[in-house]
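Undergrad: After the structure tokens below, expect a handful of questions from me.
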Amino acid sequence: MTDPKLIDGKAFAENLRARLARQTAALKAEHGLIPGLAAVLVGNDPASEVYVRSKGKATKEAGMNSFEHRLPATAGEAELLELVRLLNADPAVHGILVQLPLPKQIREAAVIDAIDPAKDVDGFHVVNAGKLATGGEGMVPCTPLGCLMLLKDRLGDLSGKRAIVLGRSNIVGKPMAQLLLRESCTVTIAHSRTRDLAAECRRAEIVVAAVGKAEMVKGDWIGEGATVIDVGINRIPAPAPDNPGKTRLVGDVAFAEAKPRAAGITPVPGGIGPMTIACLLANTLTAACRQRGVPVPG
Ligand code: GUN
């Protein structure tokens, strides 16, 4: 028996990926359309290599086309912008993802700005951020989109619920807050300067933690019956008596303390991580349909 309090992002993501694979097969059969995702990796940061490889694998498993482009760590901004220009113009490429972070000599904002907003499957372009904020139909960043899917699956209608988002990054915190607002939640965005964070958190029925600090959110910060979404993926030393040098993954929430108070909580790993990749595939399929003018499958 699975624990009813656990929000199983891994299982949800597997179902979503299976559905996207069926929809991709139907698009191919009915419209001759194969969604294509181009991933660009500059340099050889080991974590980014792992992400890009697993994104490519998932793309192919869904039956989509995966294009991988690699540039050396010494590549200049102009070289990357030229590649983005080529990908924008390529009709086989429906989604473009430039893996972040980029080497120091390249301005991330300039690169994101250069991506065609219709192909911006990360949802980072200012046009897509603006559409999300103003109620338009753009591309939504993958991690917050995955969090929202899990929340709606668990809670149904979110309207009127008090939600707190811990963290104000452009990639997670801000778009997450916009998505919750769109669902008619009452949203608080908390950050490093927030006074009495514990009390703010305790009032919330929905807690989304995206601060990147291992186990920062303590058990008594969680209100009785709250639903907790933990976006953090932090590597910390494993406790003795494990081998020295070993590490383990923990979230931004002190899971063992928080779980008894929560009605539902995502684990780390196996919570939001798998949802991000599944949502990237969903965005690629959506982008392909919109570009071709065929209905986006439900
Ligand atoms: N680096 C870490 N997360 C992400 C992501 O979601 N998209 C991109 N492009 N780079 C990242």
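The values are calculated or read from the model by the stated rules, or taken from the named source; none is laboratory data. It should be emphasised that the depicted structure is a prediction, and the values quoted were computed from it without experimental measurement. Note that each Cβ is placed from the backbone with ideal geometry, even for glycine, and that neighbours are counted across all protein chains shown.
Undergrad: With respect to residue 276, determine if the residue is under 30 Å from residue 95 (Cα atoms), touching a residue at least 40 places away in the same chain (Cβ under 8 Å) and out of contact with any helix residue (DSSP H, G or I) (no Cβ under 7 Å at 6 or more places or on another chain).
TA: Spelling it out, it is not the case that residue 276 is under 30 Å from residue 95 (Cα atoms), touching a residue at least 40 places away in the same chain (Cβ under 8 Å) and out of contact with any helix residue (DSSP H, G or I) (no Cβ under 7 Å at 6 or more places or on another chain).
Undergrad: Can I ask one more? Could you give every pair whose Cβ atoms fall below 9 Å, whose first residue belongs to the stretch 132-143 and is within 13 Å of residue 174 (Cα to Cα) and within 12 Å of the ligand (Cβ to nearest atom), and whose second residue is in a loop (DSSP other than H, G, I, E, B) and of a type in the set (Phe, Trp, Tyr), counting only separations of at least 6 or pairs across chains?
TA: 141/124
Undergrad: Sticking with this one: Could you check the stretch 144-172 and list, in sequence order, the residues that are within 16 Å of the ligand (Cβ to nearest atom) and over 26 Å from residue 197 (Cβ atoms)?
TA: 149
Undergrad: So, one more: Just to be sure I understand, how many residues within the stretch 45-85 are within 13 Å of the ligand (Cβ to nearest atom), among the β-branched types (Val, Ile, Thr) and under 17 Å from residue 282 (Cα atoms)?
TA: 1
Undergrad: Which of the residues that make up the stretch 234-292 are away from the ligand (no atom under 16 Å from the Cβ), surrounded by 15 or more Cβ atoms within 10 Å (Cβ to Cβ) and in a strand (DSSP E or B)?
TA: Of everything in the stretch 234-292, those that are away from the ligand (no atom under 16 Å from the Cβ), surrounded by 15 or more Cβ atoms within 10 Å (Cβ to Cβ) and in a strand (DSSP E or B) turn out to be 250, 253, 264, 265.
Undergrad: Then there is this: Which number in (1) touching a helix residue (DSSP H, G or I) at 6+ places or on another chain (Cβ under 7 Å); (2) loosely packed, with under 14 Cβ neighbours inside 10 Å marks the one condition that residue 53 misses?
TA: (1)
Undergrad: Filter the stretch 102-131 for residues that are among the charged types (D, E, K, R), in a helix (DSSP H, G or I) and either away from the ligand (no atom under 15 Å from the Cβ) or modelled with pLDDT under 95 (or both) and give the result.
TA: 131
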